[in-house]
Structures are given as structure tokens and as C-alpha cells.
Amino acid sequence: MPELPEVETFKRYIEARSLLRSIAEVEVRNPTVLGPMEPEELRRRVGGAMFLSARRHGKQLFLELSSGGWLTWHFGMTGEPVLFSNGDVPRFPRVLFRFADETLAFDDPRMLGRIGWTPTVEEFVRRKRLGPDALAITSKEFVDRFGRARGALKPALMDQHRMAGMGNIYSDEVLFQSRLDPRTGADSLDRGELEAVHRVMRRVLRMSIARGTDFSRFPRTYLLHHRRKGASCPGCGGTTETVTLGGRTTYYCPACQRPRAGGVEGRT
DNA sequence: TTTCATGTTCAGCA
DNA sequence: GTGCTGAACATGAA
């Protein structure tokens, strides 16, 4: 689930009903998601405390603790927060934060997500060397950072050190709507072209958040509805293709997304 | 049974 | 330091 729009939606979900409520108990069912942190440390920091506020940077969520510092939540590939009462218990609750009458679960089947603690958000962002948030980055900084990238544009968009928040699906979508082959060299684009990619990225991310990241409510012209082998391009009806970039399967339309002079594929 | 998956990290190599 | 590749992590779904 989680790229920037999903995490922003998770943030709003938690803000709506999980702030300023006393956490009576913390139950750690799978210590794996705590990484190096001992369950005892989590219980000590969170037990009896409450979440005061939430912040987001890229795909990372931060929950301010009344006991000091912030809980850091990263959802990996399949994580999501689920607030539930007696009824519908989620299927893969790895850590449970129990309020008086409801429970907030860190639900994550694959357990690639992580919960940690940091004294300040800034210190965490610095330590992980995260780039500016994809919805906060200015056009000028975007041009500056991507104009200096030496490799292909797609992996550069997904590089959390360059800019935080873009993942595999939204990167493909932005490139499709920008009509750029994913292998295009980032530094082969001029200022105007990079500014255009920045505008497309903002439009895609904001649209997704506005629709609650529900793909079924996205425009039918979006490529993400067609992430299957041999699917047809929503633009020209042709057949889409895949290529592996940055270790990830990349969907694109060879007819709509033109390779251009200066592309990475032609280099020696 | 095999393959793939909205992510991150690390080792190894150019 | 930059960039690329492959593997590991852990498990469900097709």
C-alpha cells in the first residue's frame, strides 16, 4: 500500500481518531517489526502515554509521544494502521496500541515495516539522509536535484535520498503522464522538461490523496490500472512493456513514452 | 509449485 | 561519492 499518498492517508486516518487518547497497553506480537528496539523499550515509552500529533516525511510517519520524542512508523510494502474495536480484528496485527475502548494496530502481513523511536523528526530525517518530501520540494530544488542525477530518471525518482516519497507505482505513473521513457537519463532533460515532470508528479500525488488512494476512483487514463503482462496502454491502445529498473518491474508504453536523445540506453 | 509483490538495506563491482 | 545488480528480509496471493 504505502507510497507517499498512502502514508498521507494513514496520517489523516490516525489524526482523526487516535490522537489524545491514553494508551493503556502495548502488545508486541512480532518483535521483528521493532527492528533493534526491545519490546520493553516500546512499552516503557508508550505505555500510559498518548499520541499528540502526527507528521509525515516521504513514506515515513511520525507520531509525537506525550512522554517525549516520536514513534517512527514505516509501512514497508504491505503495512497499514487499523483502528478497531471488538468486532473486526485485522488479520496481521504485529503491534497493538490499546486505548480504553478501541485498539490501533500496526497491521503488516510481510513484516517489512518497522516501528522505532526518535527524539526529533529532524534528527531521524538527517540520520536516514532522506531527501526533501515529494510534495514539499520546490520546482527549483527538483530541477537542481534531478538535473544532477547521472542515471536513468525512474530509479532517481525512487531514490529516497534524492527525494522522499515516490515508489514504484507512482514513478511509473508520473513517467507515463510525462510521456518519458523510464530509461531516459535525468540529466538529459532541460529545465523546462524537469519542471514539467515536477508538475505532473504533484498533480498525481495530490489527486491520489484527494481520492483516498482508492485506485478504483482514479481517472481511467491512468497507467496504474494496467499493471499486468501484456496489458493495453490507456493512451494509445497499444501493448505495454516491462523493463527492470532499480530492481523493480517498470511498466511503460513504448509508443507513448519515447526514448530520447541522451537516454541511458544508448550510452557506452 | 512457482513466481511476483506499492520497500529498504547491504555487499560487491565499475 | 555515484550508480547498478542481486540478495535478503517474510509472507500472502495468483
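The values are calculated or read from the model by the stated rules, or taken from the named source; none is laboratory data. All values derive from a computational prediction rather than experimental measurement. Positions of Cβ are generated from backbone atoms using ideal geometry, with glycine treated the same way; all protein chains shown enter the neighbour counts.
Filter the range A:183-195 down to the residues that are more than 22 Å from the chain's Cα centre (by Cα), among the acidic types (Asp, Glu) and outside any loop (DSSP other than H, G, I, E, B) and list them by number. Break it down stepwise before answering.
Here is the first cut: in the range A:183-195, the residues more than 22 Å from the chain's Cα centre (by Cα) are A:184-185, A:187-193.
When the remaining residues are screened for being among the acidic types (Asp, Glu), the result is A:187, A:190, A:193.
Within the range A:183-195, A:Asp187, A:Glu193 qualify.
Scan A:Gly212, A:Gly185 and give me the residue that is under 20 Å from A:Ala134 (Cα atoms), touching a strand residue (DSSP E or B) at 6+ places or on another chain (Cβ under 7 Å) and in the same structural domain as A:Ala255 (by TED's automatic domain parsing).
A:Gly185
Take the residues in the range A:1-49 that are away from DNA strand B (no atom under 16 Å from the Cβ), assigned to a loop (DSSP other than H, G, I, E, B) and under 25 Å from the mean Cα position of the chain (by Cα), then tell me which one is farthest from A:Met163 (Cα to Cα).
A:Arg29
Exactly one of (1) in a loop (DSSP other than H, G, I, E, B); (2) modelled with pLDDT under 95 is unmet by A:Glu265. Its number?
The single condition A:Glu265 does not satisfy is (1).
Just checking, how many residues over the range A:91-113 are within 16 Å of DNA strand C (Cβ to nearest atom) and in contact (Cβ under 8 Å) with a residue 24 or more places away in the chain?
Selection size over the range A:91-113: 12.
Within the range A:1-41, which residues are in contact with a Phe, Trp or Tyr (Cβ under 6 Å, 6 or more places away or on another chain) and charged (D, E, K, R)?
Result: A:Glu3, A:Arg21.
Is it the case that the range A:140-157 has a residue that's over 23 Å from A:Leu180 (Cβ atoms), out of contact with any Lys or Arg (no Cβ under 7 Å at 6 or more places or on another chain) and crowded, with 19+ Cβ neighbours inside 10 Å?
No, that holds for no residue.
Go through (1) more than 15 Å from A:Ser171 (Cα to Cα); (2) away from DNA strand C (no atom under 14 Å from the Cβ) one by one and return the number of the condition A:Asp187 breaks.
The one condition A:Asp187 does not meet is (2).
Within the range A:217-251, how many residues are farther than 25 Å from A:Ile137 by Cα, within 11 Å of DNA strand B (Cβ to nearest atom) and either of a type in the set (Ser, Thr, Tyr) or not assigned by TED's automatic domain parsing to the domain that holds A:Gly185 (or both)?
Matching residues across the range A:217-251 total 4.
Hey, could you check the range A:62-85 for residues that are aromatic (Phe, Trp, Tyr) and surrounded by 18 or more Cβ atoms within 10 Å (Cβ to Cβ) and say which is farthest from DNA strand B (Cβ to nearest atom)?
A:Trp70
For the range A:224-248, give me each residue that is farther than 21 Å from A:Ala152 by Cβ and among the polar types (S, T, N, Q).
If the condition is that a residue be farther than 21 Å from A:Ala152 by Cβ and among the polar types (S, T, N, Q), then A:Ser232, A:Thr239 are the ones that fit.
List, please: which pairs have Cβ atoms under 8 Å, are six or more places apart or on different chains, and start with a residue in the range A:165-184 that is away from DNA strand C (no atom under 16 Å from the Cβ) and end with one that is polar (S, T, N, Q)?
Pairs found: A:Tyr170/A:Ser208; A:Phe176/A:Gln257; A:Arg179/A:Gln257.
When only residues in the range A:165-182 that are among the small types (Gly, Ala, Ser) and in a loop (DSSP other than H, G, I, E, B) count, which is farthest from A:Arg129 (Cα to Cα)? It would help to see each step written out before you state the result.
Of the range A:165-182, the ones among the small types (Gly, Ala, Ser) are A:165, A:167, A:171, A:178.
The next check asks that each one be in a loop (DSSP other than H, G, I, E, B); those that pass are A:165, A:167, A:178.
On the way: A:Gly165: 13, A:Gly167: 17, A:Ser178: 28 Å.
Top of the filtered list is A:Ser178.
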